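Notes follow once the structure below has been shown.
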Amino acid sequence: MNTGTNTNFDAAFASAKARWESIIIGDLIDFDPYGVDWFGGQLSGSYSGAVDDVVIGYEMKYIDGINGVLGSAGPYYRRTESNSTISGVMSFDQDDFSNMSAADAEIIILHEMGKSPVAWKHLHIILLFAYIH
């Protein structure tokens, strides 16, 4: 779910999502909205709707400028019974990505997306690609 305003890489995110969905199979308990921000205020936007398996939020923002940290990711909320991820957050350096080819951007996004739900056992990724304003 893109919580920022830069949509230049949404196709690369969709491609990475599809790649993970083709690899990971299974199903996890869905979560109804509890009125919490599943991204815990870590991103500029929020999401408090239902979660089918996992929701991962992302945004392009300034991290440290060109040739530094490309991105970071990790889980935010986890299920207590299985320790599997409910939500994850990803942030990418807008300056680095502005100088990157689409193919390189997709590789970095795929890598970081793999770090968001770290408890992979029986996980099927469902990402919501909607814009939160």
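The values are calculated or read from the model by the stated rules, or taken from the named source; none is laboratory data. Not measured: the values here are computed from a predicted model. Don't worry about glycine lacking a Cβ; one is built from the backbone with ideal geometry, like all the others, and counts go over all protein chains shown.
Of note:
- Scanning the stretch 18-44 for residues that are modelled with pLDDT under 85 and crowded, with 17+ Cβ neighbours inside 10 Å yields W20, I24, L28, F31.
- Here is the figure for the stretch 37-60: residues that are more than 14 Å from the chain's Cα centre (by Cα) and part of a strand (DSSP E or B) total 0.
- Pairs are defined by a Cβ separation below 7 Å, a sequence spacing of at least 6 or placement on different chains, a first member in the stretch 59-85 that is farther than 23 Å from E106 by Cβ and touching a residue at least 40 places away in the same chain (Cβ under 8 Å), and a second member that is in a loop (DSSP other than H, G, I, E, B) and polar (S, T, N, Q); the pairs so defined are R78/S84.
- When residues of the stretch 8-50 are limited to those that are β-branched (V, I, T) and without any contact (Cβ under 8 Å) to a residue 60 or more places away in the chain, the one nearest to M113 (Cα to Cα): I23
- Test: residue in the stretch 70-92 that is in contact with a His (Cβ under 7 Å, 6 or more places away or on another chain) and part of a loop (DSSP other than H, G, I, E, B): no
- In this structure, V118 does not qualify as of a type in the set (V, I, T) and at pLDDT 85 or above.
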